[in-house]
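Q: First the structure, then my questions, so here it is.
Computed from the coordinates by the stated procedures, all read-outs in this text should not be read as laboratory data. These figures come from a predicted structure and were not determined experimentally. All Cβ positions, glycine included, derive from the backbone under ideal geometry; neighbour counts span all protein chains shown.
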Amino acid sequence: MGAAMPLLVGKYVNKIDKKGRVSVPKPFRASFENQTFSGLYAYPHFKVPAIEACGEAFMARLSDSLEDLDLFSDEHDDLAAIILENAFPLPFDPEGRVVLPQDLRDHAGITGEVAFVGRGAGLQLWQPKAYEAHRLNAFERAKARGATLKLRPAHPSSEEC
């Protein structure tokens with residue numbers, strides 16, 4: 001887990017079979033290759049009908065971050081319940097597929113196809129039409145707000161666009 005994880009970017013749509021198996025897009029799958037667990041972790045997104053997914057290093061960061069909250073506080077208990085208690089380790093099969101548990105598919109309304117959406121350190125899985133509506137809504141909200149992003153200083157080893 002020592003090497004920096006590649007950024008997960010882009011969108012891919014793959015079919016899901018009747019057994020709940022779906023092929024994880026190769027660019028995403030490749031970013032999880034250097035971890036101990038050969039797969040990804042997935043849990044329901046609690047704000048939208050989507051599935052959050054990440055590698056073991058990010059899952060460990062989430063767990064560690066919960067330790068910053070007051071033990072037994074409502075915030076700690078709620079976030080631990082939402083993230084850790086509802087997380088599923090999803091191992092890759094030899095073809096690079098994972099089985100999405102029915103609970104997660106129901107939460108996201110996923111049936112015939114899955115949209116894999118890169119989100120930097122993690123990714124989201126959506127029912128494709130729901131994702132498209134969400135994306136358009138986010139675009140309009142950002143445009144209406146005049147959203148901007150303050151860039152962090154570049155790391156000395158990184159190259160600029």
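Q: Between residue 7 and residue 154, what FRET efficiency comes out of the Förster formula 1/(1 + (r/R0)^6) with R0 = 22 Å and r the beta carbon distance, rounded to 0.05?
A: 0.95
Q: I would also like to ask the following. List the lysines whose alpha-carbon lies under 20 Å from that of residue 15, not counting same-chain residues fewer than 8 positions away?
A: Here the lysines satisfying the reach criterion relative to residue 15 are 26, 129.
Q: Something else: For a quick check, take a GNM of the chain with Cα springs below 10 Å and name the residue from 90, 66, 125 with the largest mean-square fluctuation.
A: Per the Cα network of the chain with a 10 Å cutoff, 66 tops the list.
Q: List the GluC sites (Glu not before Pro) within the range 27-82 that DSSP assigns to loop and that have no more than 14 neighbouring Cβ atoms inside 10 Å.
A: The qualifying sites are 33, 67.
Q: With charges only on Cβ, +1 for K and R and -1 for D and E, what is the dipole size of the chain about its Cα centre, in debye, rounded to 20?
A: Here the size comes out at about 1020 debye.
Q: Sticking with this one: Given labels modelled 7 Å from the Cα in the Cβ direction, how far is it in nm from residue 75 to residue 15?
A: 4.7 nm
Q: Can you tell me which of 111, 148, 36 moves the most in a GNM of the chain? Springs connect C-alpha atoms under 10 Å apart.
A: Looking only at 111, 148, 36, the largest GNM fluctuation is found for 148.
Q: Where does the chain land at 222 nm, in deg cm²/dmol rounded to the nearest 500, when only DSSP H runs of n ≥ 4 count, each adding -39500 (n - 2.57), divided by all residues?
A: Numbers: 5 runs with 52 residues, N = 161.
Computed mean residue ellipticity for the chain: -9500 deg cm²/dmol.
Q: Now for a different question. What is the range 11-145 by shape, rounded, prolate or oblate, if you read a ≥ b ≥ c off the alpha carbon gyration tensor as root eigenvalues and call it rounded for a/c under 1.5, prolate for a/b larger than b/c, and oblate otherwise?
A: It comes out oblate by the Cα gyration axes.
Q: I've got another one for you. For residue 147 and residue 93 in one chain, what is 0.36 nm times their gap in residues minus the Cα-Cα distance, to one decimal in nm? Working shown, then result.
A: On the way: separation 54, 0.36 × 54 = 19.44 nm, distance 4.08 nm.
That pair, residue 147 and residue 93, stretches by 15.4 nm at full extension.
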